[in-house]
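Computed from the coordinates by the stated procedures, all read-outs in this text should not be read as laboratory data. All figures in this text were calculated on a predicted structure; none of them were measured in a lab. Positions of Cβ are backbone-derived with ideal geometry, glycine not excepted, and every protein chain shown enters the neighbour counts.
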Amino acid sequence: MKKRIVNFFSICVSFIFILSLFVGCSPYKELEKASKGISSYKITAVLDDEMTISATEDVVFVNNTDVILNTVCFNLYGRAFREDASVKPYTSINEAKCFPNGKSYGDMEIKSVKIGGEEAKFSIVGKDDNALEVSLEKELEPDEKVLINIEFVLRLAENAHRLGYLNESVNLGNWFPIIAVYERGEYVIEPYYSTGDPFYSQIANFEVDFTYGKDYFLSSTGNAKRIKEIGDVKQDKIKAKAVRDFAIMLTKNSKTKSKKIDELLVSYTGYEEDENIDYCLDVSVKAVKFFCKIFGDYPYKKLDVVKAPFLHGGMEYPAVVIVSDTMESELDYAKVIVHEIAHQWWYAVVGNNEIKEAWLDESLAEYSTALFFEEYKEFGVSYESLISEAFAGYTLYADIVKSIEQKLNTSMLLSVNEYAGDYEYSYMIYVKGVLMFDNVRQVIGKERLIKGFKRYYKKYKFKVATTDDFIVSVKKASGKDVEGLFDSWLQGKTIIGAF
Ligand SMILES: [Zn+2]
């Protein structure tokens, strides 16, 4: 996600930033390989005029753990928008941005769960009734699979969030029951925190039959094919292999432009009246080419960039990203687009626990953005200026916090819900993340650092990586002992300026 790091105490500090050699991306064989032996979803969903989705979800769950399982858990992020949710996906500070047309609630209701056609035992679990636990009648051995059918109804709230509708857009992010990751003896079923992107999932294959109003234009993860158009509705079949999540964005009165890079189709969808559609498409194409070149090939054949109402700057999903319609300048659009596209490498292809190790995708995406602007000088944003703005912003933030609270948290390794709020989270994860990578670059050199990113990408493509995996990748690729350096930054021991 792209946070809005707003003016702090009226002092404007801007720091979210951050070759056009033709590069072919053709790693499709790897994608095919990754799509074997993993869980899969077949979802049939209908969005009606009341903004309610009725759906059936057939999940072939593959036990890819090394233990016998008696249950399968799914995160139900849609339930965070219900009126009685105790953990809200927005803070009181950004509530007005979230609900420009007034407060609104949604809900997600599980109607039935079947296993092999028979009614199965299930319960709603989690700290905030935020997950579905399905009991398996028969133990599931490692590598065994089970077919689970879930029937659910999702009522959308009117909001500018990842999941909701507003004006002429419908954002469907985190909209279906998604298999929770099982690790260290339990499923990870954290609530939908307002800070960060509180999600964590593994790759799976998807086939989604989606029925919606004919006036909408659909952007999504995967490749869509029209299968029916009757009266006021149309139905698309959307397929995606080896993706970490599956999102759909609908827009009315929008305009789309696309460009092919080899077999990859990059599209930008803006509002009909927009004059920056070519500019935004150009930025998107440049970002994809640049990241393919420096980090490694992009494995999917489509990437949709969609302008939509959104309370933060932007949001990433596999093969589809949102850029908020509230950006004030062309350059702001460019910064958000580049950041969200960088997440295709850091989050979508290489996954991580975004709740516990948010730096691993956000700091990387933010620093990748700085590298982009260093390369494409025509945007007039120099690398040096981004670093000095980050430094100035961080030290100002630290100074203010220390003067008010005497104590400054400097760890980059807290869970998103452990940060005191959006400010602390943004300064530790985004701003400090950029300063950290710049410092590592000063010590080992740019080439070695990028080699580290590349090695990390290659090794953990389609998998889930950890902080240690990243550090070891940089260490091995660079031949430099960077563990102490990274540890010091991540644990908050490095002194930045006077702090
Ligand atoms: Zn981000």
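Brief remarks on what is shown
- Shape category assigned to the stretch 370-420 from the gyration tensor of Cα positions, a/c cut at 1.5: oblate
- Taking θ as phi - 60° and the Karplus parameters 6.51, -1.76 and 1.60, the scalar couplings of the stretch 443-450 work out to 7, 9, x, 4, 4, 5, 5, 5 Hz in sequence order, x denoting glycine and proline.
- Within the chain, the percentage of alpha carbon pairs spaced more than 32 angstrom apart rounds to 39%.
- Listed pairs Lys127/Lys454; Lys3/Lys454; Lys234/Lys463 exceeding 31 Å between Cα atoms: Lys127/Lys454; Lys234/Lys463
- Relative protection proxy for 102-115, 317-330, 162-175, from highest mean packing down: 162-175, 317-330, 102-115 (other beta-carbon atoms within 10 angstrom).
- Think of the chain as having a plus end and a minus end, set by charges on the Cβ of Lys, Arg, Asp and Glu; of Gln442, Ala308, Leu132, Gln442 sits farthest toward the positive end of this dipole.
- Its Cα centre serving as origin, the stretch 360-491 has a Cβ charge dipole (Lys and Arg +1, Asp and Glu -1) of approximately 820 debye.
- By the helix-only formula, in which each DSSP H run with n ≥ 4 contributes -39500 (n - 2.57) and the sum is divided by residues, the chain has a 222 nm mean residue ellipticity of -9000 deg cm²/dmol.
- Point-charge dipole on Cβ atoms (K/R +1, D/E -1) for the stretch 393-459, about Cα centre, debye to 20: 740 debye
- Each DSSP beta bridge with both residues in the chain is either parallel or antiparallel, and the antiparallel ones are about 80%.
- Residue-wise HN-Hα coupling along the stretch 125-138, computed from phi with Karplus coefficients 6.51, -1.76, 1.60 (Hz; x: Gly, Pro): 10, x, 4, 10, 6, 10, 8, 10, 10, 9, 7, 9, 5, 10
- Put simply, the amide H of Val321, placed in the peptide plane, has neighbours under 5 Å in Asp304, Val305, Val306, leaving out anything fewer than 5 places away on its chain.
- For Ala420, nonlocal amide neighbours, meaning residues 5 or more places apart or on other chains whose placed amide H falls under 5 Å from its own, are Tyr425.
- 3J(HN,Hα) along the stretch 49-59: 5, 7, 6, 10, 9, 10, 9, 10, 10, 9, 10 Hz, from the Karplus curve 6.51 cos²θ - 1.76 cosθ + 1.60 with θ = phi - 60°, whole Hz, x for Gly and Pro.
- Within the stretch 360-491, the proportion of Cα pairs with more than 26 Å between them is 25 percent.
- Taking amide H as placed 1.01 Å from N in the peptide plane, Ile261 has its amide H under 5 Å from the amide H of Val266, each at least 5 places away in sequence or on another chain.
- Of Lys29/Lys446; Lys446/Lys480; Lys97/Lys307; Lys42/Lys88; Lys241/Lys451, pairs whose Cα-Cα distance is over 19 Å: Lys29/Lys446; Lys42/Lys88; Lys241/Lys451
- Cα-centre dipole for the stretch 160-310 with unit charges at Cβ (Lys and Arg positive, Asp and Glu negative), debye to 20: 500 debye
- Here's the picture: charge each Lys and Arg Cβ at +1 and each Asp and Glu Cβ at -1 in the stretch 50-131, and of Met108, Ile53, Thr91 the one pushed furthest to the positive end of that dipole is Thr91.
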